[in-house]
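One structure is given here, and the rest of the page talks about it.
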Amino acid sequence: MDLTKQIKGLVLASHLDYVGIAPLDRFSQAPPGHRPTDLLPGARSVIAIGIRMARGALLVQQRALENPELRHIALGYRWAAYGLLNRHFLDPTALKVARLLEKEGYIAIPNVSSGADNTARIYESAASFSNKHAAVAAGLGEFGWLTLCLTPDAGPRVRFTSIITTAELCPDPMYSGPRLCDIDKCRQLGGGRGGIVEALKDVMDSIKSQETQRRRLHSFSRFIEAKRKAGENVPEELNAAYRVAQDEIRATTERVEELRTSIGRRLKTLPAPRRCPPRQGN
């Protein structure tokens, strides 16, 4: 059997919904250090694979945003539509594809799916390779206004990862169907700085700031504790910096909660999401 067909058959048999092949020339505009050949010299193809999120998990997330008293149920979304898909479907399937390619005499690198390991927080720079760019380059969808890959049947509600390989596989055409992102409607829902789209951006920016502030506070805390254990006086400047870091985290946390509450109110005014049509086989 043709190797491209073997790979696609393996991916779909692993309960994933999307698989596409991109040639290297579609990554010519990627920034240095994040191109396929930067990770794997001699790379010839990139395989993008994806899985659709469960609608029930998305509903849980929407309810958590709508009602602050139900914020705790968001864990169901974070696992069923994030961790579970990444750890137990995307990453194992990417490894299977890489092993198949290497049995055929090629080299393959399975890229990590987003959020697969908390140790990723160690790195402040961008991810080594963009899975959503790989998905677009492999013809699985197109970029929307928020730079997410939109698929014809599930929109942005898909998780992706990718495999870089030295095998020259048969590429899929870029998506050329009807426009998937209605930018005017997206802006209308956003409604300026106070709208849903901008509020979501603000939430993500605030959460990133929160992570940085927490690491800074942790560093202060360890240094102060070490001083005290050594019987040394803690400089007042350090204590003052520690209090400032605490205040910054408190203010950012309050900001995130305000934004989430605002998003929840706006979500209640939107119509229910339409049911996605069943995916057609490749």
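Observations on the structure shown:
- Computed label-point distance, nm, for sites Asp247 and Asp25 using a 7 Å Cα→Cβ extension: 5.9
- Here the simple spin-label model places points 7 Å from the Cα toward Cβ, and for Arg228 and Arg55 these points are separated by 5.4 nm.
- Cleavage-rule hits (GluC sites (Glu not before Pro)) in the stretch 37-122: DSSP loop, at most 16 neighbouring Cβ within 10 angstrom: Glu104
- Each peptide among 234-245, 156-167 gets the average number of other Cβ atoms lying within 10 Å of its residues, and from highest to lowest they stand as 156-167, 234-245.
- Fully extended contour minus Cα-Cα distance, from Ser221 to Trp79, at 0.36 nm per residue: 48.0 nm
- Potential extension, Leu12-Leu238 segment - 0.36 nm per residue separation minus Cα distance: 75.7 nm
Read-outs: derived from the displayed coordinates by stated rules, not from any lab. Source: prediction; values computed, not measured. Neighbour counts are summed over all protein chains in view; Cβ atoms, including those assigned to glycine, are modelled from backbone coordinates with ideal geometry.
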